[in-house]
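Novice: One structure follows; several queries about it will come next.
The values are calculated or read from the model by the stated rules, or taken from the named source; none is laboratory data. Since the structure is predicted, the reported quantities are computational estimates derived from the model, not experimental observations. Cβ placement follows ideal geometry from the backbone for every residue including glycine, while neighbour counts extend to all protein chains displayed. Each accessible area value is taken on the protein alone, full model and side chains, heavy atoms only, with ligands, DNA and RNA left out. Shrake-Rupley method; radii C 1.70, N 1.55, O 1.52, S 1.80 Å.
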Amino acid sequence: MAEYEACILWLNMAIDMNIQDLLVIGDLDLLVHQHPDKNFSDPIPVRIHNQLAYYTHVEEETDGKLWFHDIKEYLVKGEYPEHSNHTQKSILRRLSNHFFHSRGNMYRRTPDLGLLRSVNTKEASKLLEEIHAGTCGHI
């Protein structure tokens, strides 16, 4: 989802700058060119819709464990999941650097020093419903 958000951000910026021709190369790397070249593909018209999009799907935890279970176990008990290999242990150690456990809750530190509380599927669904129905909902 972040890739699409980045692409939309770049497109909105190009529109704000009144760019008439935009060349997209590869993984959302946007290059602006001022003079169309015959070797490029035909232009694709782009329209901006002011209608909001909502993403309300939350994946179920199929194994019955929370998505952050292994991280929490490592932080609280210092234990790796059973049958984990060297690479998986290394990844878990790296991931755990961004999390901490406090009063039964798991938090993730953000680059701007904010904190995000980790929630289970049921809480996530409830929060999404409340956000979209409440003050952050329809405009």
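Novice: Name, by its number, the condition in (1) modelled with pLDDT under 90; (2) in contact with a helix residue (DSSP H, G or I) (Cβ under 8 Å, 6 or more places away or on another chain); (3) not in a loop (DSSP other than H, G, I, E, B) that does not hold for Leu23.
Specialist: Result: Leu23 fails condition (2) only.
Novice: Still on this model: Modelled with pLDDT of 85 or more and of a type outside the set (Phe, Trp, Tyr) - does that describe any residue in segment 38-52?
Specialist: no
Novice: Read through the list (1) in a loop (DSSP other than H, G, I, E, B); (2) closer than 23 Å to Thr62 by Cα, then give the number of the only condition that Gln88 fails.
Specialist: Against the list (1) in a loop (DSSP other than H, G, I, E, B); (2) closer than 23 Å to Thr62 by Cα, Gln88 comes up short only on (1).
Here is a yes/no grid of residues against (1) at pLDDT 85 or above; (2) open to solvent by less than 70 Å² (accessible area, probe 1.4 Å); (3) farther than 30 Å from Asn12 by Cα:
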{"position": "Glu61", "(1), (2), (3)": "no, yes, yes"}
{"position": "Ser90", "(1), (2), (3)": "yes, yes, yes"}
{"position": "Asp112", "(1), (2), (3)": "no, no, no"}
{"position": "Leu127", "(1), (2), (3)": "no, no, no"}
